[in-house]
1. Return the total of residues in the range 102-133 being more than 12 Å from the ligand (Cβ to nearest atom) and open to solvent by 10 Å² or more (accessible area, probe 1.4 Å).
2. Which of the residues spanning the range 331-341 are open to solvent by 10 Å² or more (accessible area, probe 1.4 Å) and either more than 11 Å from the ligand (Cβ to nearest atom) or farther than 23 Å from ALA382 by Cβ (or both)?
3. Going through GLY188, GLY252, GLY238, GLY200 one at a time, which residue ends up being within 18 Å of GLN135 (Cα to Cα) and not acidic (Asp, Glu)?
4. Among the listed residues GLU83, GLU57, identify the single one that is surrounded by fewer than 16 Cβ atoms within 10 Å (Cβ to Cβ), at pLDDT 95 or above and in a loop (DSSP other than H, G, I, E, B).
5. Any idea which residue in the range 199-214 is farthest from HIS161 (Cα to Cα), counting only those that are open to solvent by 10 Å² or more (accessible area, probe 1.4 Å) and not hydrophobic (A, V, I, L, M, F, W, C)?
6. When the range 365-416 is examined, which residues are found to be touching a residue at least 40 places away in the same chain (Cβ under 8 Å), out of contact with any Asp or Glu (no Cβ under 7 Å at 6 or more places or on another chain) and acidic (Asp, Glu)?
7. Tell me, which residue of the range 158-171 that is of a type in the set (A, V, I, L, M, F, W, C) and modelled with pLDDT of 95 or more is surrounded by the most Cβ atoms within 10 Å (Cβ to Cβ)?
8. Outside any loop (DSSP other than H, G, I, E, B), touching a residue at least 40 places away in the same chain (Cβ under 8 Å) and surrounded by 24 or more Cβ atoms within 10 Å (Cβ to Cβ), is that true of GLY355?
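The values are calculated or read from the model by the stated rules, or taken from the named source; none is laboratory data. Computed from a predicted model, the values in this text were never measured in an experiment. Virtual Cβ from ideal backbone geometry, glycine too; neighbours counted across all protein chains shown. For the accessible areas, the whole protein counts, side chains as well, though only heavy atoms, and no ligand, DNA or RNA atoms are used. Shrake-Rupley method; radii C 1.70, N 1.55, O 1.52, S 1.80 Å.
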Amino acid sequence: MSASIPHGIPTHWYNIAADLPVAPPPHLHPGTREPVTPEDLAGLFPSGLIAQEAATERYIEIPEPIRQAYATWRPAPLIRAREYERALGTPARIYVKYEGVSPVGSHKTNTAIAQAYYNAQDGVTKLTTETGAGQWGSALSFACAQFGIDLEVWQVAASYHSKPYRRYLIETYGGRVHPSPSPLTEVGRELLAADPDTPGSLGIAVSEAVEVAAADVNTRYALGSVLNHVVLHQTVIGQEAVEQLQTAGETGADAVFGCAGGGSNLAGLAFPFLREVLTAGAETKLFAVEPAACPSITRGEYRYDHGDLAGLTPLLKMHTLGQDFIPDPIHAGGLRYHGMAPLLSHTVELGHVQGLAIDQRDAFAAGVEFARAQGIVPAPEASHAIAAAAAYARELTEPEVIVIGLSGHGQLDLPAYHSYLSGDLDSTAPQD
Ligand SMILES: *Cc1c(COP(=O)(O)O)cnc(C)c1O
């Protein structure tokens, strides 16, 4: 008998596309502007993920080896934040869905394991990727170690230099890391020639990783957010949370808050709640909380744009600040992306999810208050969701149920907390 998988880990990923009244717009080929075909994507992604990118079925079974890997940290806890409720003086019952229990401390492992698995299934021996603060890079490095795949990572230069610990984590699991832009790619060389001191951006790092993968038949590329298959993998978060709320004696949630960089953890948490809204008459408000420094939903346009600076990726219909937008180097590195997941953008357009922007100082203030109440130091990204939920909870006069996506812990972000506590942190909304 195979080792048993604990009860409470979902058996399927949930595909919101099956329940939406209007199908999400397809990705387009960057050259022809026609809908991308599986063949167009074959040089970049393995077949299992390409199929999921265009999937229309409601549930997709999670292969046993992935569920086995999930079982080392899932189901992730849903924690009633009673001390934080008291600190806020709110009548709300606040629950946090805590993804910081994964081996690398964030939700990224949920898709990293799945992506490494499907690449290994296709015999792929090497992956390339980008990373901001290093959360995605470390998650994929861990996953590649599980499935015997080599990994090369382009890390946004600002983070590479100022936040070395996750880089060390990537290296510990066996991945190789380059600061981006790097002299190793055409895109990188061009950008370095124009400005040797550029802080870099996720859009640039994606271009470098895609360029290298496209040039080698045995190498594929992996993206840590934004794409439909990534959002799909993250729905384990929300499916668990819906069930755990019931176990806690709640009939559902009134409001769900998650931080949104590329949109994957928020969508992964929110879409199973949205399923209840679309199919079972639930009345849950869903909030995507982004940084004021990189406000794709609240200040971007909804249009086709590239996922990277050089325009090598398919065109994605999404909320975007433009493929060449380089946000200020705020401490929530995981939120510094110019675009938003097409599936999430689509649900925003349909009116199911609302965007909110939070200044990073308000996020850190909330993160510190939360840490002092509950003990968990939130990732700066997640603190944006906490700040928005706190503002909502403080206004309530009647009890409501609030769920906050705590996408990761902030144990490797303590220098950023130190800056905040020393009064050195800037307010950073883009000027226009
Ligand atoms: C990467 C990251 C994010 C942002 O990515 P999404 O795709 O928007 O989830 C948020 N929180 C943490 C902890 C991250 O590592």
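1. Number satisfying all stated conditions: 10.
2. Result: HIS331, single match.
3. None of the others qualify; the one that does is GLY200.
4. Residue meeting the stated conditions: GLU57.
5. So, considering only residues that are open to solvent by 10 Å² or more (accessible area, probe 1.4 Å) and not hydrophobic (A, V, I, L, M, F, W, C), the one farthest from HIS161 (Cα to Cα) is GLU211.
6. Passing the criteria: GLU369, GLU381, GLU398, ASP413.
7. So the residue we want is ILE170.
8. no
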